[in-house]
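What follows is a single structure, written as structure tokens, with notes after it.
Throughout, read-outs are computed from the coordinates displayed, never taken from laboratory work. Just so it is clear, the model here is predicted, and its values are computed rather than measured. Every residue, glycine as well, gets a Cβ built from its backbone with ideal geometry; the counts of neighbours run over all protein chains shown.
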Amino acid sequence: MQLIEVDVLVAGGGPAGSTISTLLSRKGYRVTVLEKDEHPRFHIGESLLPCNMPILEELGVMDQLRDMGVVKLGADFAMATDESWRTYYFCKSYNKTPPNAYEVRRSEFDEMLFRNATKNGVDTRERVKMTKVEWDASGHTTAEAVDRDGNKLVFKARYFVDATGRDTFVSKKLDIKKKNPNHASAAIFGHFKGVVRRPGADQGNISIYWFDHGWMWMIPLKDDVMSVGAVCWPDYLKTRTGSTEDFLWDTLKLAPKAFERMKDAELISEVRATGNYSYTSEKMTGKGWIMVGDAFAFIDPVFSSGVYLAMNSSRMAAGIVEKILRDRSQEARLHAEYESRIRRGIGTFSWFIYRFTSPAMRWLFMNPRNVFRLEEAVVSMLAGDVFDSKEVHQRFAVLRFIYAIRAAAELPEFVRNVLLRRRNAKTIFKGVTTAEGQPDTLGFKNR
Ligand SMILES: Cc1cc2nc3c(=O)[nH]c(=O)nc-3n(C[C@H](O)[C@H](O)[C@H](O)COP(=O)(O)OP(=O)(O)OC[C@H]3O[C@@H](n4cnc5c(N)ncnc54)[C@H](O)[C@@H]3O)c2cc1C
């Protein structure tokens, strides 16, 4: 057994873990990151947001990102049966956030961030799985892990960061993980070649299609590869009888205008699925520890917010951990500030997410008006600007009002959608929220 003493121990070497470890190492702390897999490894979540660009700049990886990514100028939304689509361009955001983001293969992106952490002095360890963590009364951590050869490692740390993503290590350990009672959906996806892209400069934009059972994404990646996936109500996914691959093709056919773009497409990857993924944790912090990224919560991928929320929470947490390590008496106050900011950002996205498949929200997205700069505020949300801007939040309040009027005008449809959402949340509720790699209640292997 080996004993290793560090200032900060981070479990999980995804975007959240790599970001916080890099920033703390740069401040002179001894930081170790444990990653149970080996990079490059597959991960879903390929579309980035403009508000993430300054963080990537700060980490010093923008040149590599430009080489590996496809430029994303905006997001387009369409009905499954309509010829036309509506594009929201990031350059039209309320607060002039960066005008573009990138679409990336997560295997490359996550490896880049992880290796960058190593370059910045972090002790990065792959194929080392964290197995146990405990805190003493003063908040100091003792943790155990197992390396690739089955050796047990023991770590003593002044502070612990949970960045284990959907594995939610601490949340499970403390039994504080909660399935989201307001939302449930699951996804099925694969990589294809030969899918028609949007024309000209728009060829890197993400496309989102509404269809009867949820919504679909198309994310253009390098080398003519398109990531295509469907996020569906669990009730629909339960109707699957054949193979996951056949089920994906059959599902895509249910959105004729999306499928038209796929008439010459060839599936070039395994078809993967993930279910039961909407959850949150009762707490985000405790004496001597903090959660970042998906380790705390994940709602839904529709606005491509996951990686940004993960890296942004890590950036905020880095500042907080640094202050706590200098003066532990400030910990409770700093934790409370962190929790309230993160919940605010997630809450803003959630309001749009929960209503995304409702007719009223479809109408709002397909008929944008820039009266009182409302359209710019929607673009700001799509760019990730959900934390600090008072003006943007004022416009969201107006959007809520317009949404309510529209929903009231279409009351039967609105009620039908609410009931559908509740029924599906219950369907998932009966199941167990599983970690990556384990089969979920829908019979899919969770990825
Ligand atoms: C269907 C779907 C589509 C999505 N699409 C998008 C999108 O387009 N854009 C977007 O921004 N986000 C998207 N997301 C969300 C995005 O994937 C996540 O929000 C993001 O990866 C969170 O980063 P993270 O670092 O918190 O967690 P992760 O990226 O999951 O990293 C966690 C790491 O911790 C490691 N780990 C876990 N347990 C242990 C342990 N015990 N010991 C050591 N290591 C451990 C894991 O191996 C993993 O590498 C999508 C999610 C889903 C489900």
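Relative contact order of the chain: 21 percent, from C-alpha pairs under 8 Å at least 6 residues apart in sequence. What the phi angles of segment 92-105 give under the Karplus curve with 6.51, -1.76 and 1.60, with θ = phi - 60°, is a coupling list of 9, 6, 4, 9, 6, 5, x, x, 8, 10, 9, 9, 9, 7 Hz, glycine and proline written as x. Calculated mean residue ellipticity, 222 nm, the chain: -11500 deg cm²/dmol, from DSSP H runs (n ≥ 4) at -39500 (n - 2.57) each, averaged per residue and rounded to 500. Need one word for segment 148-191: rounded, prolate or oblate. Basis is the Cα gyration tensor (sqrt eigenvalues a ≥ b ≥ c); a/c below 1.5 gives rounded, then a/b vs b/c decides. Here segment 148-191 falls in the oblate category.
State the three equivalent ellipsoid semi-axes of the chain, derived from the C-alpha gyration tensor as the square roots of 5 times its eigenvalues, in descending order and whole Å. Could the numbers behind the result be given before it?
Numbers: eigenvalues 247, 115, 98 Å².
Largest first, the chain gives 35, 24, 22 Å.
The Cα center of segment 79-111 and the Cα center of segment 150-176 differ in position by 33 Å.
Which whole-number percentage describes the relative contact order of segment 246-313, with Cα contacts under 8 Å and a sequence gap of 6 or more? Don't skip to the answer; put the middle values down first.
Values: 37 pairs, mean separation 15.5, N = 68.
That works out to 23 percent.
Name the shape class, rounded, prolate or oblate, that the alpha-carbon gyration tensor gives for segment 229-345, where a ≥ b ≥ c are the square roots of its eigenvalues, rounded holds for a/c under 1.5, and otherwise prolate holds if a/b is larger than b/c and oblate otherwise. Prolate, because a/c is 1.5 or more and a/b exceeds b/c. For segment 29-73 versus segment 282-303, the spacing of their alpha-carbon centroids is 19 Å. A simple spin-label model places the labels of Ser107 and Gln64 1.7 nm from each other, with each point 7 Å out along Cα-to-Cβ. Whole-Hz Karplus values for segment 231-247 come out as 9, 10, 4, x, 4, 5, 4, 5, 7, 4, 10, x, 6, 4, 5, 4, 5 Hz, taken residue by residue from phi with 6.51 cos²θ - 1.76 cosθ + 1.60 and θ = phi - 60°; glycine and proline positions read x. Near Val386, no amide H atom lies under 5 Å from its own; only residues 5 or more places off or on other chains count, and H is placed 1.01 Å from N.
According to the square roots a ≥ b ≥ c of the eigenvalues of the Cα gyration tensor, what is the shape class of segment 210-287, taking rounded for a/c under 1.5, prolate for a/b larger than b/c otherwise, and oblate for the remainder? Prolate is the answer for segment 210-287, as a/c is 1.5 or above and a/b outweighs b/c. A simple rule links phi to the HN-Hα coupling: the Karplus curve 6.51 cos²θ - 1.76 cosθ + 1.60 with θ = phi - 60°, which for segment 300-305 gives 5, x, 4, 9, 6, 8 Hz, with x for Gly and Pro.
For a Förster distance of 30 Å, can you work out the FRET efficiency between the beta-carbons of Gln203 and Glu270, rounded to the nearest 0.05? Mind dumping the intermediate values first?
Values: r = 26 Å, r/R0 = 0.85.
Working from the Cβ atoms, E equals 0.75.
Note on Glu134 and Lys390: the extension gain reaches 88.2 nm, defined as 0.36 nm multiplied by sequence separation minus the Cα-Cα distance.
Ranked by the mean number of other Cβ atoms within 10 Å of their residues, highest first, the peptides 52-58, 97-103, 179-185, 362-368 fall in the order 97-103, 179-185, 52-58, 362-368.
Model label points for Lys222 and Ala404, set 7 angstrom from Cα along the Cα-to-Cβ axis, are 4.9 nm apart.
Counting Lys +1, Arg +1, Asp -1, Glu -1, what net charge surrounds Lys257 among other residues with beta carbon under 15 Å of its beta carbon?
Working: positive: Arg86, Arg197, Arg198, Lys253, Arg261, Lys263, Arg362; negative: Asp76, Asp82, Glu83, Asp212, Glu260.
Net charge around Lys257: +2.
Which Cα, out of Asn180, Leu221, Val161, lies furthest along the positive dipole direction of the chain (beta carbon charges, K/R +1, D/E -1)? Of the listed residues, the answer is Asn180.
With both labels modelled 7 Å from their Cα along Cα-to-Cβ, the Glu260 to Arg344 distance reads 4.4 nm. Where both bridge residues fall in segment 191-291, DSSP classifies roughly 100% of the beta bridges as antiparallel. Calculated FRET efficiency, Cys91 and Leu3, Cβ-Cβ r, R0 41 Å, to nearest 0.05? Computed FRET efficiency for Cys91 and Leu3 comes out at 0.20.
Sort 380-393, 188-201 by packing, meaning the average of other beta carbons within 10 Å per residue, with the highest value first.
380-393, 188-201
Separation of the alpha carbons by more than 23 angstrom is noted, of Lys72/Lys92; Lys96/Lys257; Lys72/Lys238; Lys72/Lys222, for Lys96/Lys257; Lys72/Lys238.
Only lysines eight or more places from Lys287 in sequence, or on another chain, were considered; those with a Cα closer than 28 Å are Lys27, Lys36, Lys129, Lys132, Lys152, Lys156, Lys172, Lys173, Lys177, Lys178, Lys179, Lys323.
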